[in-house]
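**Q** Below is the structure I would like to discuss, written out as structure tokens.
The values are calculated or read from the model by the stated rules, or taken from the named source; none is laboratory data. Every value quoted in this text rests on a predicted model; they were computed, and no experiment measured them. Don't worry about glycine lacking a Cβ; one is built from the backbone with ideal geometry, like all the others, and counts go over all protein chains shown.
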């Protein structure tokens, strides 16, 4: 089996995984997604879980990215420090099976005040640049469970910060006193915009969140607007944090469309222009570029 | 049964309740605490749950405060708007059983920008003033699941804001990616202080929280310090929000000693002096004053 004749790329996260079969011409010809995230794989069960990917997509070389390379995953792939380009990722692959199965390292950022890590997003970020979807110097927002704001410089990841907006929203929605109020879906609109404006202000998020309930109890807000308002609050605070690293670069929002549209709208409310990039397309571009580099 | 010959006061919250038997001289002569918070009482089960209090402490008139008067509790006692003094609470009691069982209303605050509610803390806040434990003009911090920062003016509650620090810390500790790291106990000390300083800064809490994990992964912080650091972060942000209403009043931290000591320490780090008041003592003083007023 040779990589140039086609390979499988998988983005294997905490709670789910997506795998794509790429043919010799670089075209994605098959794919699947399931809920076998790393937390659902029992100890010693990764060989079987990897084998299953090949059974579904074919017996091809395999490039794995995401939390599968973390200390809770299959084999730990040490972080590549910033500044990190796609060549750095290719050089630091960890080979789980010689010449056949490689794990992409995550990226870390450390300076005197900050420490941050990513796993999985680096393939998309650097893939988007490799495919010409973002400029060599850009601020990329990558929403998800843990939103990443990454500063690209000369086509590499220069620095980044993580905001755990998605996870916090889910915690509040599932387990908090706001659970009933936040259970609907968040949509762009006046309630969302009003939450965003509040979040962009220098307000204390933990205080503003409680007021989601108080406003409804006191008749100042409609319960049906609470999911959009609450989502706006969290995304507004997130955007405020992210814009600190801006400089004068273009701003790109990359990821799943249902999230990128909310972040784009929040950026617009913050007075910033941005464009959206599909995260899956960026992931495939990044995987292909890494495979070219090891070929 | 007459109130002046002794009564029972109960602070009946979401997850637990505490009840005290006060004799004719105003002395607490018996008490109990259990986990029969309002969420554990089945629909239609409040009469029995109230009866149980009398079975344990005696067949006396009963003053109930807290979430028992909310729309999820027994009988809803509408909020008294700010400014609210203890006389306002006494006038607005809701009588569940004529002359025998009264429910204390909560307090609301509304202005053009804010909306907030409390239930249960008002008895402690106004009781502390009635007993001379706080001045007529003071900023009172009342930590708990939902921390309240209340501005007392002329002995009444002029305004307040709620910060859901306790609930958020519990959510993170039980359900988040930080769960393992935050499972130990939070103690004042260098790690706590370092979290507080960060929280007091104008940082994005949802970004700082993720870095609790990143700092440990990258060797910048010791995992054993994470509960204190994380608690410091949340309390620092909370204190920053609370100090906005300060004016030049004295600052008082009221509640359970294991929480008040952390908030006192955070206030000290913020350069503020404060003193601590025991929340139970304040509750008993408030209950006695309300009973005097209805006597």
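**Q** Could you please let me know if residue B:128 is modelled with pLDDT of 95 or more, farther than 29 Å from residue B:12 by Cβ and either away from chain A (no Cβ under 14 Å) or in contact with a strand residue (DSSP E or B) (Cβ under 7 Å, 6 or more places away or on another chain) (or both)?
**A** Here the answer is no, as residue B:128 does not meet what is asked.
**Q** Let me spell it out: the conditions are (1) within 13 Å of chain B (Cβ to nearest Cβ); (2) surrounded by fewer than 23 Cβ atoms within 10 Å (Cβ to Cβ), and residue A:143 meets all of them except one. Which number is the exception?
**A** Only one criterion in (1) within 13 Å of chain B (Cβ to nearest Cβ); (2) surrounded by fewer than 23 Cβ atoms within 10 Å (Cβ to Cβ) is unmet by residue A:143, namely (2).
**Q** Answer yes or no: is there a residue in the range A:200-207 that is touching a residue at least 60 places away in the same chain (Cβ under 8 Å) and touching a helix residue (DSSP H, G or I) at 6+ places or on another chain (Cβ under 8 Å).
**A** Yes, there is a match, as at least one residue in the range A:200-207 is touching a residue at least 60 places away in the same chain (Cβ under 8 Å) and touching a helix residue (DSSP H, G or I) at 6+ places or on another chain (Cβ under 8 Å).
**Q** Take the residues in the range B:185-203 that are within 11 Å of another protein chain (Cβ to nearest Cβ) and surrounded by fewer than 21 Cβ atoms within 10 Å (Cβ to Cβ); name whichever of them is nearest to residue A:165 (Cα to Cα).
**A** B:203
**Q** Now for a separate question. Looking only at residues that are closer than 14 Å to residue B:13 by Cα and in contact (Cβ under 8 Å) with a residue 60 or more places away in the chain in the range B:37-88, which one is nearest to the other protein chains (Cβ to nearest Cβ)?
**A** B:73
**Q** If you don't mind, another one. What's the number of the only condition in (1) touching a strand residue (DSSP E or B) at 6+ places or on another chain (Cβ under 7 Å); (2) more than 10 Å from chain B (Cβ to nearest Cβ) that residue A:214 fails to meet?
**A** (2)
**Q** Only residues that are under 18 Å from residue A:280 (Cβ atoms) and part of a loop (DSSP other than H, G, I, E, B): list them for the range A:37-64, please.
**A** Residue satisfying the conditions is A:37 alone.
**Q** Okay, moving on. Determine which single condition residue B:115 fails, assuming it passes every other condition in (1) within 30 Å of residue B:136 (Cα to Cα); (2) surrounded by 19 or more Cβ atoms within 10 Å (Cβ to Cβ); (3) at pLDDT 95 or above.
**A** Here residue B:115 clears every test but (3).
**Q** For residue B:168, which of the numbered conditions (1) at pLDDT 95 or above; (2) outside any helix (DSSP H, G or I) fails to hold?
**A** For residue B:168, the exception is condition (2).
**Q** Any residue at all in the range B:2-22 that's surrounded by 22 or more Cβ atoms within 10 Å (Cβ to Cβ), farther than 18 Å from residue B:127 by Cα, in contact with a strand residue (DSSP E or B) (Cβ under 7 Å, 6 or more places away or on another chain) and away from chain A (no Cβ under 14 Å)?
**A** Yes, the range B:2-22 contains at least one residue that is surrounded by 22 or more Cβ atoms within 10 Å (Cβ to Cβ), farther than 18 Å from residue B:127 by Cα, in contact with a strand residue (DSSP E or B) (Cβ under 7 Å, 6 or more places away or on another chain) and away from chain A (no Cβ under 14 Å).
**Q** Taking the stated definitions as given, is residue B:231 over 21 Å from the mean Cα position of the chain (by Cα), touching a residue at least 12 places away in the same chain (Cβ under 8 Å) and more than 11 Å from every other protein chain (Cβ to nearest Cβ)?
**A** It is false that residue B:231 is over 21 Å from the mean Cα position of the chain (by Cα), touching a residue at least 12 places away in the same chain (Cβ under 8 Å) and more than 11 Å from every other protein chain (Cβ to nearest Cβ).
**Q** Quickly run through the range B:248-263 and pick out the residues that are in contact (Cβ under 8 Å) with a residue 40 or more places away in the chain and out of contact with any strand residue (DSSP E or B) (no Cβ under 7 Å at 6 or more places or on another chain).
**A** Passing the criteria: B:256, B:259, B:261, B:262.
**Q** Can you tell me how many residues in the range A:89-119 are within 19 Å of the chain's Cα centre (by Cα), touching a residue at least 40 places away in the same chain (Cβ under 8 Å) and within 14 Å of chain B (Cβ to nearest Cβ)?
**A** Here the count works out to 6.
**Q** Can you tell which of A:266, A:237 is under 23 Å from residue A:116 (Cβ atoms), facing another protein chain (nearest Cβ under 7 Å) and touching a residue at least 12 places away in the same chain (Cβ under 8 Å)?
**A** Result: A:237 is the single residue among A:266, A:237 that is under 23 Å from residue A:116 (Cβ atoms), facing another protein chain (nearest Cβ under 7 Å) and touching a residue at least 12 places away in the same chain (Cβ under 8 Å).
**Q** In the range A:240-258, which residue that is in contact with a helix residue (DSSP H, G or I) (Cβ under 8 Å, 6 or more places away or on another chain) and under 22 Å from residue A:131 (Cα atoms) is surrounded by the most Cβ atoms within 10 Å (Cβ to Cβ)?
**A** Of everything passing the filter in the range A:240-258, A:254 is surrounded by the most Cβ atoms within 10 Å (Cβ to Cβ).
**Q** Give the residue, chosen from B:223, B:287, B:237, that is touching a helix residue (DSSP H, G or I) at 6+ places or on another chain (Cβ under 7 Å), modelled with pLDDT of 95 or more, crowded, with 17+ Cβ neighbours inside 10 Å and more than 30 Å from residue B:104 (Cα to Cα).
**A** When all the criteria are applied, what remains is B:237.
**Q** Can I ask one more? Kindly evaluate residue A:133 against the criterion of being more than 14 Å from every other protein chain (Cβ to nearest Cβ), in contact with a strand residue (DSSP E or B) (Cβ under 9 Å, 6 or more places away or on another chain) and surrounded by fewer than 24 Cβ atoms within 10 Å (Cβ to Cβ). Spell out how you get there, then give the answer.
**A** Numbers: more than 14 Å from every other protein chain (Cβ to nearest Cβ): yes; in contact with a strand residue (DSSP E or B) (Cβ under 9 Å, 6 or more places away or on another chain): yes; surrounded by fewer than 24 Cβ atoms within 10 Å (Cβ to Cβ): yes.
Criteria met by residue A:133.
**Q** If we scan the range A:261-272, do we find a residue that is under 30 Å from residue B:109 (Cβ atoms), crowded, with 22+ Cβ neighbours inside 10 Å, at pLDDT 95 or above and touching a helix residue (DSSP H, G or I) at 6+ places or on another chain (Cβ under 8 Å)?
**A** yes
**Q** Right, something else. Could you list, in sequence order, the residues of the range B:157-177 that are more than 7 Å from chain A (Cβ to nearest Cβ) and touching a strand residue (DSSP E or B) at 6+ places or on another chain (Cβ under 6 Å)?
**A** Going residue by residue through the range B:157-177, those that are more than 7 Å from chain A (Cβ to nearest Cβ) are B:157-160, B:166, B:169-170, B:172-174.
Passing the criteria: B:157, B:158, B:159, B:160.
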